[in-house]
Amino acid sequence: MALVFLGYLLVPVQACTIFVLTEDYTADVWKELAPEQKKIQADLKRLGNLVSLTLVERSKEDGRRSYRYRMEFEKVMVLQHVVFDKRNKVALSESEDAVWKPRTGDGGDRVGP
């Protein structure tokens with residue numbers, strides 16, 4: 001599953017619409033993300049709306065800042081790792097873990113892939 005975490009914040013707008021700015025990413029990261037934007041949008045919609053975003057770890061090494069966030073969506077909890085380079089551009093953005101929430105009260109067994 002691919003997720004996009006913007007250079008400054010995941011922007012939850014109805015149905016997880018996000019606005020991606022090319023200049024927020026290193027050239028290498030953008031080269032990977034650009035052709036995947038439609039898939040990323042579809043993946044985000046499957047997660048439901050963003051409920052909360054919690055910083056769980058941060059560090060700095062050689063001018064690169066690393067952040068890990070617990071992202072709670074309506075249907076899943078995601079551990080997202082984001083690294084910024086010396087120019088404040090996203091040099092890495094990856095989902096390290098995802099735990100789908102069980103369904104509640106609608107007769108299905110669980111939400112998820």
Quiz item: Is it the case that some residue within the range 49-66 is aliphatic (A, V, I, L, M), more than 21 Å from Tyr25 (Cα to Cα) and in contact (Cβ under 8 Å) with a residue 40 or more places away in the chain?
Solution: yes
Self-check item: the range 22-65, subset under 13 Å from the mean Cα position of the chain (by Cα) and polar (S, T, N, Q), residue surrounded by the most Cβ atoms within 10 Å (Cβ to Cβ)
Solution: Gln41
Practice problem: Out of the residues in the range 13-24 that are under 24 Å from Phe73 (Cα atoms) and in contact with a helix residue (DSSP H, G or I) (Cβ under 9 Å, 6 or more places away or on another chain), state the one that is modelled with the lowest pLDDT. | Solution: Ala15
Quiz item: Out of (1) modelled with pLDDT of 85 or more; (2) assigned to a helix (DSSP H, G or I); (3) not acidic (Asp, Glu), the odd one out for Leu44 is which?
Solution: (1)
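The values are calculated or read from the model by the stated rules, or taken from the named source; none is laboratory data. Note that the coordinates shown come from a computational prediction; the quantities given were computed from them, not determined experimentally. Here the Cβ is made from the backbone with ideal geometry for all residues, glycine too, and neighbour counts use every protein chain on show.
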